[in-house]
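Here's the structure we're looking at; comments come further down.
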Amino acid sequence: MITLLTLAVAVGLSPYIPLLVFFAAARTDSGPEIRSAFDFMMRWEFLGVLLVVIGFDIVLGKLPKAAKYMTWLGWFAKPVAATLIVASSSDVSAQYLAPAIAAAIALAALTHRVQIWLMRSLTERLLGFERVVVGAYSELGTVLISLFAFVVPLLGAVIAGLMIAVGLFFGMRRPHSES
């Protein structure tokens, strides 16, 4: 369960990378076991489409005019991605599925909200490059969190917590005023 909730935080940073990692890992013998209704998500065709979507997300999320729409799309895509990861995992028993999905959606939405707040709080200091900086930070963090969530789940959770803490720290810091 810690892996799934850690992936939910990663989804809040970038929704498609954790999906790709999760379903690619499910293709391996040592990866997560997926419910049969979600087998289509482990097909190479689905994973290929996901790679294309990741490329669009990375590029469009940095362009000023498209970024606004990508942020709004995140409010839909991130909860959906978190739901797909949790709902497809056979690690969650039927009686705990709804609370697990709710927790994953809450973590993804909260992380997305922190990400938006961080971009807004860094606008003045980064002179319009806040989307590039925060986006790169989010995508690198998403990859690290997603990979470690499977290798060493606790370390993945710690990295997720550190990513959020560092973001909050830099977002709350006020620029030094020059006299």
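Some points to look at:
- Extended-chain gain in nm, criterion 0.36 nm per residue less alpha-carbon gap, Asp39 and Lys68: 7.1 nm
- J(HN,Hα) series, region 5-17, from Karplus relation 6.51 cos²θ - 1.76 cosθ + 1.60, nearest Hz, glycine and proline x: 6, 5, 5, 5, 5, 4, 4, x, 7, 7, x, 8, 5
- Virtual spin-label span in nm between Asp91 and Val152, 7 Å along Cα→Cβ: 1.7 nm
- Dipole magnitude of the chain, debye to nearest 20 (Cβ charges: Lys/Arg +1, Asp/Glu -1, about Cα centre): 560 debye
- For region 2-172, the alpha carbon convex hull comes to 96 Å³ per residue, rounded to a whole number.
- Taking the fewest neighbouring Cβ atoms within 10 Å as the starting point, the ordered list for Val151, Val143 is Val151, Val143.
- Mean Cα-pair separation over length for region 2-172, i.e. relative contact order, pairs under 8 Å, 6 or more apart, %: 37 percent
- Cleavage-rule hits, trypsin sites (Lys or Arg not before Pro), region 8-95, DSSP coil, Cβ neighbours within 10 Å at most 14: Arg27, Arg35, Arg43
No value in this document is a laboratory result; all are computed from the given coordinates. Not measured: the values here are computed from a predicted model. No Cβ is skipped: glycine too gets one built from the backbone with ideal geometry, and neighbour counts run over all protein chains shown.
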